[in-house]
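First up is the structure itself, then whatever we jot down about it.
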Amino acid sequence: MLGKLLKYEIKSTARIFIPLYALLLVFALLNKFLNPFEVMESSVRFNFQSVFQALTASAYFILIVAIFVMTLFIAIQRFYKNLLGDEGYLMFTLPVKTRQNIASKLLIAVMWYILSAVAVITSIAIMVGPREFFEFLQSMIELLKDGLGVASLIILPLFILIQLIHGTLMIYDAMSLGHLFGKQKLLASFGMYAALYFITQIILTIVILSVGSTMFTSFIHSAGPTDVQILSFLGMLGIVAALLSVVHFAITNYILKNKLNLE
Amino acid sequence: MSNLLECKNLTKSFGSLNALNNVNLSIDKGRIIGLLGPNASGKTTFIKLCNNLLTPTSGKIRIGGYEPGIETKKIISYLPEKNYLNDWMRVSQLIQFFQDFYEDFNRDKAYDMLNKLGLDSKDRLKTMSKGTKEKVQLILTMSREAQLYLLDEPIGGVDPAARDYILDTIIRNYNEDSTVIISTHLIADIEKILDDVIFLKEGQIVLTKTVDEIREESGKSVDSLFREVFKC
Amino acid sequence: MSWDLKSDRPIYTQLIEQLELRICAGVYPPGGRMPSVRDLAQEASVNPNTMQRALAKLEEDGLLYSHRTSGRFVTEDTSRIRETKSKLAQEQIEEFLQKITDLGFEISEILSIIKKITEELKK
């Protein structure tokens, strides 16, 4: 059943993202061939071509911002509209478990985070040229390997991933808690998010101060943190994020299962 | 073999408001039942409890022997009062959706009804009028071979011809193993197709009788009796 | 022939009357097969259970009979049908006479009025 939910979640959201990505790649190609960045470096000549180039460059940047905004917006909107809105009458009467409904939203949201990033990076690669891009990529990887060790190539992406999952689940949790407030659902959701954010910060501070204190003392004595220390620090934050994610998921699941009250 | 639907002391409250108060009900299979009552009488609350869209404050509800959950969702076909389907989908995609999630969905029946009502499966929901959307929703609901059909105001927003078709469909769909519960205000239109009638007032059942019992005993139609019982 | 079902009388009783009417009028001829319960219920826009009960009553009364596998049939006993026809006619006439005498007519007056009207109709 989860597979079917995922399938329809992708269908519902792809209609928005695929055209956006396509548009982004079109502008990337346009920019590559018109080379507006040259124009910006040299003296400004107000002919049709230069204006056009400036416009396509701006359009490209606007699209990138739009994609990031859209990705976050859609993640929130899918949960709010499809589960807590009128469509909830459909989703919660399907013979699926509540946690499958939540999981499908989460997994596809994360999928689009990753795909959006890939789309943007690909468009950059197109503009600067594949060879230059891969050279740049290789040098970044070398930098990471030297600076933080080989392990960082795995730990960093994982860290980012767990933070994305945690952030999304915290938003779902806030919306579910807000849902309990009848008339002022939307306002309550924002309020809940602020509260959850605040609590998360406190927890992080406590964790860093207690567990991290041992790490920090060694920093002071030596020249600076070693890669192992940095990576384990990130690892610890990652574990905290993972635990909080589980808590958020559990609360969301409990509320949607037992306290659902669709309009 | 227990009844299809059983409620014992079913109560649902929202804060201090008792939407349903100690409801006891036993419903057999093979019946067409009217759930009648004014607004805020608890009809929709009752239906949502059957569907697991609400959880009881106290008391029990069982459908096909199970508490509301995945097993009951498999055997219940629900038609809510609102537009609850994904607006951007085409009718054909919705049919596929229902077929994917419900084992008892009968695709041929759905297309047959679409044809009879003159609807195009390639149309998207958002291009349709309210009445047409409701017809589509009804077709999807009635194309399932469920054990319990819960219809919340199925004939409210459609024209009289479609109304007749919908009542026709309910009769045609009838089988001894399933039960249809219709919640509605439009009593005069449907009373002839009902077996039993349940009057709900302020969260409590005030009457359960068959249509003929009411007509025999009171010399009135159910619609007339309703107006009497619920006079403002 | 449309199903004339009033809203203040039990549907069951009215269905029996309507089915008897149709059998007498030959809509369902003697020995002929009856439509299925579902088809009849649909035609009359009534609950199938109620229709089933009405049909069962007519079976009990001998106007219909069912064959295990092939369905329901109208009796071939035409005298039985004539009996029912007479019964229905009698009921109609008694009702009519009651109304007419309520209006204040004498029976002899009524008979001559009827004779005059039937002669008019023949022309």
- Within the stretch C:41-95, work out how many residues are in a helix (DSSP H, G or I) and among the hydroxyl-bearing types (Ser, Thr, Tyr). 5
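Hey, among C:LEU88, C:LEU64, C:LEU97, C:LEU55, which residue is touching a Lys or Arg at 6+ places or on another chain (Cβ under 6 Å), surrounded by 12 or more Cβ atoms within 10 Å (Cβ to Cβ) and hydrophobic (A, V, I, L, M, F, W, C)? Before the answer, list the steps.
Details: C:LEU88 fails: touching a Lys or Arg at 6+ places or on another chain (Cβ under 6 Å); C:LEU97 fails: touching a Lys or Arg at 6+ places or on another chain (Cβ under 6 Å); C:LEU55 fails: touching a Lys or Arg at 6+ places or on another chain (Cβ under 6 Å).
Matching residue, one of C:LEU88, C:LEU64, C:LEU97, C:LEU55: C:LEU64.
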- Item | Members of the stretch B:156-190 that are within 14 Å of C:VAL46 (Cβ to Cβ), among the charged types (D, E, K, R) and touching a Leu at 6+ places or on another chain (Cβ under 9 Å) | B:ASP189
- Task: Those residues that are outside any loop (DSSP other than H, G, I, E, B), more than 9 Å from every other protein chain (Cβ to nearest Cβ) and in contact with a Lys or Arg (Cβ under 8 Å, 6 or more places away or on another chain), I need them from the stretch B:80-107; list them, please.
- Result: B:ARG90, B:VAL91, B:SER92, B:ILE95, B:PHE98, B:GLN99, B:PHE105
- Of residues in the stretch B:65-79 being hydrophobic (A, V, I, L, M, F, W, C) and not in a helix (DSSP H, G or I), the one surrounded by the most Cβ atoms within 10 Å (Cβ to Cβ): B:ILE76
- Task: Return the residue satisfying two criteria in turn: it lies in the stretch C:18-38 and is of a type in the set (Val, Ile, Thr) and out of contact with any Ser or Thr (no Cβ under 8 Å at 6 or more places or on another chain), and of such residues it is surrounded by the fewest Cβ atoms within 10 Å (Cβ to Cβ).
- Result: C:VAL27
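Counting only residues that are on the phi < 0 side of the Ramachandran plot and not in a helix (DSSP H, G or I), how many does the stretch C:15-40 have? Break it down stepwise before answering.
In the first step, residues of the stretch C:15-40 are kept if they are on the phi < 0 side of the Ramachandran plot; the result is C:15-25, C:27-30, C:32-40.
When the remaining residues are screened for being not in a helix (DSSP H, G or I), the result is C:27-30, C:32-36.
Selection size over the stretch C:15-40: 9.
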- Task: Scan the stretch B:172-180 and give yes if some residue there is touching a Phe, Trp or Tyr at 6+ places or on another chain (Cβ under 8 Å) and buried (at least 23 other Cβ atoms within 10 Å of the Cβ), otherwise no.
- Result: yes
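For the stretch A:83-100, give me each residue that is among the β-branched types (Val, Ile, Thr) and more than 8 Å from every other protein chain (Cβ to nearest Cβ). Can you show your working first?
Step one: list which residues in the stretch A:83-100 are among the β-branched types (Val, Ile, Thr), which gives A:93, A:96, A:98.
Result: A:THR98, single match.
Check B:LYS43, B:LYS73 and return the single one that is basic (Lys, Arg) and at pLDDT below 95.
On the way: B:LYS73 fails: at pLDDT below 95.
Exactly one residue qualifies, and that residue is B:LYS43.
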- Given the conditions (1) under 15 Å from the mean Cα position of the chain (by Cα); (2) within 30 Å of B:VAL197 (Cβ to Cβ); (3) of a type in the set (Val, Ile, Thr), report the number of the one that C:VAL46 does not fulfil. (1)
- Working only within the stretch C:1-28, note down all residues that are among the hydroxyl-bearing types (Ser, Thr, Tyr) and out of contact with any strand residue (DSSP E or B) (no Cβ under 6 Å at 6 or more places or on another chain). C:SER2, C:SER7, C:TYR12, C:THR13
- Task: Kindly indicate whether C:ARG72 is away from every other protein chain (no Cβ under 12 Å), touching a Lys or Arg at 6+ places or on another chain (Cβ under 8 Å), of a type in the set (D, E, K, R) and surrounded by 19 or more Cβ atoms within 10 Å (Cβ to Cβ).
- Result: yes
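Answer yes if at least one residue in the stretch C:3-12 is more than 10 Å from chain B (Cβ to nearest Cβ) and more than 23 Å from B:ILE33 (Cβ to Cβ), and no otherwise. Even if it seems obvious, please write down each step before you answer.
The initial filter retains those residues of the stretch C:3-12 that are more than 10 Å from chain B (Cβ to nearest Cβ), namely C:4.
Still in the running and more than 23 Å from B:ILE33 (Cβ to Cβ): C:4.
Checking the stretch C:3-12: at least one residue is more than 10 Å from chain B (Cβ to nearest Cβ) and more than 23 Å from B:ILE33 (Cβ to Cβ).
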- Message: Just to be sure before I move on: is B:THR141 touching a residue at least 12 places away in the same chain (Cβ under 8 Å), of a type in the set (Ser, Thr, Tyr), within 12 Å of another protein chain (Cβ to nearest Cβ) and under 26 Å from B:LYS73 (Cα atoms) in the structure I sent?
- Response: yes
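When the stretch B:24-49 is examined, which residues are found to be part of a helix (DSSP H, G or I) and either farther than 14 Å from B:LEU5 by Cα or within 10 Å of another protein chain (Cβ to nearest Cβ) (or both)? Walk me through how you get there before you give the answer.
Just the residues of the stretch B:24-49 that are part of a helix (DSSP H, G or I), to begin with: B:43-49.
Residues satisfying the conditions are B:LYS43, B:THR44, B:THR45, B:LYS48.
Kindly establish whether B:ARG62 is touching a helix residue (DSSP H, G or I) at 6+ places or on another chain (Cβ under 6 Å), surrounded by fewer than 19 Cβ atoms within 10 Å (Cβ to Cβ), away from every other protein chain (no Cβ under 14 Å) and not aromatic (Phe, Trp, Tyr).
Values: touching a helix residue (DSSP H, G or I) at 6+ places or on another chain (Cβ under 6 Å): no; surrounded by fewer than 19 Cβ atoms within 10 Å (Cβ to Cβ): yes; away from every other protein chain (no Cβ under 14 Å): yes; not aromatic (Phe, Trp, Tyr): yes.
Judged against the criteria, B:ARG62 is not a match.
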- Item | Sole exception among (1) modelled with pLDDT of 95 or more; (2) over 30 Å from A:LEU29 (Cα atoms) for A:LEU158, by number | (1)
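Is it fair to say C:GLU95 is away from every other protein chain (no Cβ under 14 Å) and out of contact with any helix residue (DSSP H, G or I) (no Cβ under 8 Å at 6 or more places or on another chain)?
Details: away from every other protein chain (no Cβ under 14 Å): yes; out of contact with any helix residue (DSSP H, G or I) (no Cβ under 8 Å at 6 or more places or on another chain): yes.
The answer is yes for C:GLU95.
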- Query: Which pairs have Cβ atoms under 7 Å, sit 6 or more apart or on different chains, and link a residue in the stretch C:66-84 that is aromatic (Phe, Trp, Tyr) to one that is outside any strand (DSSP E or B) and crowded, with 17+ Cβ neighbours inside 10 Å?
  - Reply: C:PHE73/C:MET34
- Task: For the stretch A:58-88, name all the residues that are among the hydroxyl-bearing types (Ser, Thr, Tyr) and either surrounded by fewer than 18 Cβ atoms within 10 Å (Cβ to Cβ) or not assigned by TED's automatic domain parsing to the domain that holds A:ILE102 (or both).
- Result: A:SER58
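The values are calculated or read from the model by the stated rules, or taken from the named source; none is laboratory data. All of these numbers come straight from a predicted model, not from anything done at the bench. Neighbour counts are summed over all protein chains in view; Cβ atoms, including those assigned to glycine, are modelled from backbone coordinates with ideal geometry.
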